[in-house]
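A quick write-up on the structure given underneath.
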Amino acid sequence: MRINLLCIGDVVGRPGRYVLSQTLTNLIAQHEIHCVICNAENIAAGSGLTPQLYDKLLRYGVNLITLGDHVYRKMDIIPVLEKADNIVRPANYPPTSPGRNVAIYQTRLGPRVAVVSIVGRLYMRPQADCPYRTADEVLRQVPSDVRIVVIDMHAEATSEKVAMGWHLDGRVSLVFGTHTHVQTADETILPDGTAYITDLGMTGPYRSILGRRKDRVLKHFMTNLPAPFDVATGDPRLCGIVVGVDDQTGRAVEIKRICVAGTDLEDMESFDSNEGQ
Ligand SMILES: [Fe+2]
Ligand SMILES: [Fe+2]
């Protein structure tokens, strides 16, 4: 049987939540999705995740949540990371870091989907262990009857992400990249059956610099003066991929990119206003 996964790239602030609330139900129906995986590291005012927004993501229809280098930016998410079974922290963080390495979701058709988050080391904070050895170790922690395994490789350097695709080809169903917020056009199924893309793209405001106000980022780049990188608002879109996986073999059978625009921009000012930017 074919299981369809929808993987959604870094959701940025209120515009990201807004477009998610508008489009997710339709996307699930349109693509006959059985499991929704969402990177939420930028969902709370551009950095981190709160317990309130965690609940909201589940209400929208998200099943599994990954984060990234902003995992602990909002500290009140830590009890959720310690208790909930549908959210992961980067597996190559120190063993004492709060959160789990593997999250598993049982689809309504029966097959289970496991997700793992791993961060890169190039141009990132230096505390993370080797992504590739970590992947080998964490795969041993996934129950053997879970055949659909997904890796979120959260990294700045494309080389580290491409390398993870080849490292895990034939051993997982899908490796997707996040963190860089620009969707890449290299989606493919590698020779031994692992679907791969270097970056899912951002779910947030595209009239921006990676989700932040362009005037603020440009001012900082051009003067070196500190400037608050507030979340932008214009042109909210949801970006990600839809991947079909054979539940018996765990091999991918299809990968396609999606990027859908939100509508009714004027409503966004009042949307979710109690949750901050
Ligand atoms: Fe991000
Ligand atoms: Fe990140």
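Worth pointing out:
- Checked against the criterion of being within 16 Å of ligand 2 (Cβ to nearest atom), β-branched (V, I, T), under 14 Å from A103 (Cα atoms) and touching a Leu at 6+ places or on another chain (Cβ under 8 Å), the candidates I43, I65 yield just one match: I65.
- Beta carbons closer than 8 Å, at least 6 apart along the sequence or on distinct chains, pair a first residue in region 142-158 that is touching a residue at least 12 places away in the same chain (Cβ under 8 Å) and acidic (D, E) with a second that is open to solvent by 50 Å² or more (accessible area, probe 1.4 Å) and within 16 Å of ligand 2 (Cβ to nearest atom) for E156/L122; E156/Y123.
- V242 being in contact with a His (Cβ under 9 Å, 6 or more places away or on another chain), hydrophobic (A, V, I, L, M, F, W, C) and either at pLDDT 95 or above or surrounded by 16 or more Cβ atoms within 10 Å (Cβ to Cβ) (or both): yes
- Index of the failed condition, R73 passing every other in (1) within 20 Å of W166 (Cα to Cα); (2) of a type in the set (D, E, K, R); (3) crowded, with 16+ Cβ neighbours inside 10 Å: (1)
- Subset of region 225-244 [over 17 Å from R14 (Cα atoms) and either in contact (Cβ under 8 Å) with a residue 40 or more places away in the chain or assigned to a strand (DSSP E or B) (or both)]: G240, I241, V242, V243, G244
- Filter result for the condition that a residue is within 16 Å of ligand 1 (Cβ to nearest atom), in contact with a Cys (Cβ under 9 Å, 6 or more places away or on another chain), open to solvent by less than 20 Å² (accessible area, probe 1.4 Å) and at pLDDT 95 or above, over I8, I3: I8
- In region 7-38, the residues that are farther than 16 Å from V231 by Cβ and either of a type in the set (A, V, I, L, M, F, W, C) or within 12 Å of ligand 2 (Cβ to nearest atom) (or both): C7, I8, L24, L27, I28, A29, I33, C35, V36, I37, C38
- Hits in region 245-268 - residues which are more than 13 Å from G16 (Cα to Cα) and either assigned to a helix (DSSP H, G or I) or open to solvent by 40 Å² or more (accessible area, probe 1.4 Å) (or both): D246, Q248, T249, R251, V253, E254, K256, R257, D264, E266, D267
The values are calculated or read from the model by the stated rules, or taken from the named source; none is laboratory data. All figures in this text were calculated on a predicted structure; none of them were measured in a lab. Backbone-built Cβ (ideal geometry, glycine too); neighbour counts: all protein chains shown. Remember, those area values only see protein heavy atoms, side chains included, never the ligands or the DNA or RNA. Shrake-Rupley method; radii C 1.70, N 1.55, O 1.52, S 1.80 Å.
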